[in-house]
Each structure stands twice: as structure tokens, then as C-alpha cells.
Amino acid sequence: MPGRLFLTSEMAALGAVLGQDMGDLDAQVPRQNIAPGEQIVTLTSEGFQQMRWGIIPVGRVNARGRPVMETLINARSETVFAKTAFAGVGRAVVPANGWYEWTGEKRRKTAWRIRPSDAVFLWFAAITDVWKAPGGLHVAQVATVTCPPNADVAPIHHRMGVLLEQGDIPFWLEGNEQEVTSLMTPWPEGRLVIEEATGVDWEGA
């Protein structure tokens with residue numbers, strides 16, 4: 001499952017792929033290491049925008065009725081449309097050039113960079129919501145959807161993000177829940193390149 005992303009392409013190139021104007025996002029600097037809790041480029045049916053990576057589930061409150069601050073960066077495809085915590089969420093797509101996973105013991109972990117072998121971008125299926133924080137602040141938030149791994153990813157992680165074909169993006173964004181269930185499957189084997197990641201600042205990883 002994606003725990004860190006990278007989006008190193010220029011925003012103009014991303015917009016050109018889908019024929020969309022990136023607006024203010026066009027000035028965004030390419031990023032080698034995108035961590036949960038940060039703002040990420042997200043596509044909805046209304047276009048591209050920035051959202052915080054991590055959802056504070058709808059309706060989660062503690063015994064005193066205060067909002068639970070725990071955030072979820074990923075949602076399991078098997079339960080995303082069934083859990084009450086995700087009731088009423090919208091759908092989005094998170095574009096990236098790839099993501100990172102780690103193997104090994106703490107302090108001796110190996111970082112792996114995973115990218116497409118046949119394209120520039122990967123399109124992660126995601127859910128989105130607006131969190132109403134104390135004080136009236138509204139925060140647009142997003143979480144990627146995960147599924148079991150394909151044979152390429154299985155040796156390094158037990159989950160992977162649901163990846164969409166570019167042509168299926170409108171279907172994911174606007175189809176009903178039953179229709180889009182067919183998209184939440186492991187990515188076909190042989191279409192990802194997995195290589196050891198070096199030269200990246202992993203502070204906070």
C-alpha cells in the first residue's frame with residue numbers, strides 16, 4: 001500500500017495527459033518524497049486540487065463527543081463501501097509517478113521505488129471527504145484505496161494501491177458503488193518496475 005509517493009513530473013505534463021488546465025497547481029514543485037499528512041495533488045470530477053493525505057473518518061468521536069483525530073491514509077477495497085466510517089465519502093484519483101515500500105528490520109530497512117514500466121503516471125483510486133475541524137475549519141482530505149498485491153509487489157508488501165487505467169478514471173469518479181467494484185483489483189503483472197531507492201531523504205519515515 002502506498003505509504004510514500006513521488007510526483008516528479010511537471011504539473012503541465014500531468015494536465016496535458018488528461019487535457020486539463022492545472023490552474024494554480026501549475027507552479028507546484030516536483031516532489032521526490034510525499035508523506036502522509038501533507039498536501040497532495042488530487043483529481044475529482046471537478047478537476048485538480050490539493051488535499052491533505054489522510055482521512056479523519058466521518059462521525060468518529062470519543063466518549064466526550066469530541067472528534068477522533070486518528071487519520072487513515074488508506075482504505076481497504078474489501079470494506080470501503082461498507083464501513084460507517086466512510087459513509088458518504090466521495091471518490092478521487094491521486095496521480096503519481098510511483099510509490100515507495102520498505103522491507104527488512106528496523107534500522108536495516110531497504111527502500112523500494114515502484115513505478116510504471118509502460119507509462120509516465122500511475123492513477124491511484126481514492127476516496128475523499130471534507131473534515132470539519134473544531135473552530136469551523138474545513139479540510140479537504142483524501143485516502144488511497146488498497147487491494148491484495150499482484151505477484152510483482154507481493155514479495156515486498158501484503159497490500160498495494162488500487163491502480164486505474166487512465167480510461168477508467170471517469171468511471172471511478174462518477175460510477176455507482178456496484179459498478180466501480182470491478183476496478184478494485186490488483187494491477188496486472190509485469191507493468192511495474194521495482195528497484196532499490198537511493199538518494200532520497202527519508203526523514204520521518
> Which ordering of Ser9, Ser117, Ser77 is given by a fewest-first count of other beta-carbon atoms within 10 Å?
Replying inline: Ser117, Ser9, Ser77
> Which whole-number percentage describes the relative contact order of the chain, with Cα contacts under 8 Å and a sequence gap of 6 or more?
Replying inline: 22 percent
> Which ³J(HN,Hα) values, rounded to whole Hz and listed in residue order, are derived for the stretch 185-190 from phi using the Karplus coefficients 6.51, -1.76 and 1.60 in 6.51 cos²θ - 1.76 cosθ + 1.60 with θ = phi - 60°, glycine and proline given as x?
Replying inline: 10, x, 5, x, 5, x
> Each residue of the stretch 176-183 in turn: what ³J(HN,Hα) in whole Hz from Karplus with 6.51, -1.76, 1.60 and θ = phi - 60°, glycine and Pro shown as x?
Replying inline: 7, 4, 5, 5, 7, 4, 5, 7
> Once a ≥ b ≥ c are taken as the square roots of the eigenvalues of the Cα gyration tensor of the stretch 119-205, is the result rounded (a/c under 1.5), prolate (a/b larger than b/c) or oblate (a/b not larger than b/c)?
Replying inline: oblate
> Of [x] 105; [y] 141; [z] 120, which one was derived for volume of the Cα convex hull per residue in Å³ from the structure shown?
Replying inline: [y]
>> 5 Å is the cut-off here: which amide hydrogens, built 1.01 Å from N in the peptide plane, fall below it relative to Arg76, excluding neighbours closer than 5 in sequence?
In response: Thr146
> Cys147: net charge of surrounding residues, Cβ under 10 Å, Lys/Arg +1, Asp/Glu -1, itself excluded?
Replying inline: +1
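Bear in mind these aren't lab numbers, they're just calculated from the coordinates by the rules spelled out. Source: prediction; values computed, not measured. When we count neighbours, we look across all protein chains shown, and the Cβ atoms used for this are built from the backbone with ideal geometry, even at glycine.
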